[in-house]
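Peer 1: Got a structure for you, questions after.
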Amino acid sequence: MDRLFVGLGAFAAFIAVALGAFAAHALKSRLTADALALFEIGVRYQLYHALGLLVVAVARAHWPTAGAAGWFFVTGIVLFSGSLYLLAFGGPRWLGTITPLGGLSFLTGWAVLAWLALAPP
C-alpha cells in the first residue's frame, strides 16, 4: 500500500470532517443558506475524493501509474472544494470559473483508474 496516498487521503478526510462539523455548528448562523450549501458541497466532494485517494493507495500495488489519479484527486480537492470554501465566505466571483476545473480534475482521476482497471494487461 502506498503510504503517501494513504496519508494524503487520511489528511483530506480529517480536514473534511472537521470542516463539516465547523459548518454544522459555527457557520450555520453566520452564512446564508446558499453560502452554507456551497460550503457543504465542497466538504462532501473533498470527503469523496479523500476516500478516492485511499483507493489509489491500494491500486498502486497493481498499477504504479495509478498515482496520476491520486494527483488529479488532490488537484480537484484544492480547485473544486477550495474555490467553494472561498466563495462561501464571500470570495471573488471569478473563483467560480475555477470550480469546474476541479470537477474536471476529479473526473480525470476516475477515468485514469477506470482505464487502468479495464485496459488489457
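Peer 1: Charges at C-beta only: +1 for Lys and Arg, -1 for Asp and Glu. How large is the resulting dipole of region 1-70 about its Cα centre, in Debye rounded to 20?
Peer 2: It works out to roughly 100 debye.
Peer 1: So which DSSP H runs in the chain come out at 18 Å plus along the axis (Cα) with average Kyte-Doolittle of at least 0.5?
Peer 2: 3-22, 33-59, 99-118
Peer 1: Could you size up the charge dipole of the chain around its Cα centre, putting +1 on the beta carbon of Lys and Arg and -1 on that of Asp and Glu, and report it in debye to the nearest 20?
Peer 2: 120 debye
Here, each number is a calculation from the coordinates, and none is a lab measurement. All of these numbers come straight from a predicted model, not from anything done at the bench. Cβ coordinates were reconstructed from backbone atoms using ideal geometry, including for glycine residues, and neighbour counts include every protein chain displayed.
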